[in-house]
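Please read the structure below before turning to the comments.
The values are calculated or read from the model by the stated rules, or taken from the named source; none is laboratory data. Since this is a predicted model, take the numbers as computed values, not measurements. Here the Cβ positions follow ideal geometry from the backbone for every residue, glycine too, while neighbour counts run over all protein chains shown.
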Amino acid sequence: MIRAIILASALLAGCGQAHAAASGYSYEDGRGLMKICLGESNFELGVCHSYLVGIHDAHGSFVHAGSMPKKVFCTPDGVEVGVLKEAFLTYAVAHPEELQRTASSLVIDAFRLAFPCE
């Protein structure tokens with residue numbers, strides 16, 4: 001139990017950024033997520049992967065629950081997290097002027113471009 005509390009505290013400390021109050025609803029901007037996803041430690045990679053999978057899964061849940069009228073992006077069944085990461089990093093590198101935006105909005109745009117719905 002203590003390990004879980006320490007891990008949760010570390011995750012929160014590593015993810016929360018000072019600019020959260022400025023954006024109003026997001027704890028990470030594109031620069032921060034890009035830095036995390038380019039990191040080399042297992043912790044950074046775990047945070048990156050968890051963030052991307054969280055966006056992916058939340059999108060699917062919102063569509064399934066009817067909170068969103070239709071899918072914004074359509075990943076293939078069984079898409080691997082490395083493919084999600086590559087989609088985000090490709091978008092981030094191609095659009096450096098947008099990195100001040102919230103990370104979640106950039107991830108959605110990256111996934112929309114990489115995985116369009118037919």
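List pairs: first residue in segment 77-103 and closer than 15 Å to Asp29 by Cβ and touching a residue at least 60 places away in the same chain (Cβ under 8 Å), second residue in a helix (DSSP H, G or I) and of a type in the set (S, T, N, Q) anywhere in the structure, Cβ distance under 7 angstrom, at least six positions apart or on different chains.
Thr102/Ser23
For segment 103-118, name all the residues that are over 14 Å from the mean Cα position of the chain (by Cα) and modelled with pLDDT under 95.
Scanning segment 103-118 gives Cys117, Glu118.
Of all the helices (runs of 4 or more DSSP H) wholly in segment 29-118, which have at least 3 residues that are loosely packed, with under 14 Cβ neighbours inside 10 Å? Break it down into steps so the answer makes sense when it comes.
On the way: elements: 30-37, 42-65, 81-94, 103-114.
Filter on segment 29-118 gives 42-65, 81-94.
So which residues in segment 74-102 are small (Gly, Ala, Ser) and at pLDDT 95 or above, if there are any at all? Before the answer, list the steps.
First, pick out the residues of segment 74-102 that are small (Gly, Ala, Ser): 78, 82, 87, 92, 94.
The answer is Gly82, Ala87, Ala92, Ala94.
Among the numbered criteria (1) part of a helix (DSSP H, G or I); (2) at pLDDT 90 or above, which one does Ala21 miss?
Failing condition for Ala21: (2).
Leu38 - would you say it is in contact with a Phe, Trp or Tyr (Cβ under 7 Å, 6 or more places away or on another chain), of a type in the set (A, V, I, L, M, F, W, C), at pLDDT 95 or above and under 18 Å from Glu86 (Cβ atoms)?
Details: in contact with a Phe, Trp or Tyr (Cβ under 7 Å, 6 or more places away or on another chain): no; of a type in the set (A, V, I, L, M, F, W, C): yes; at pLDDT 95 or above: yes; under 18 Å from Glu86 (Cβ atoms): yes.
No: the conditions fail for Leu38.
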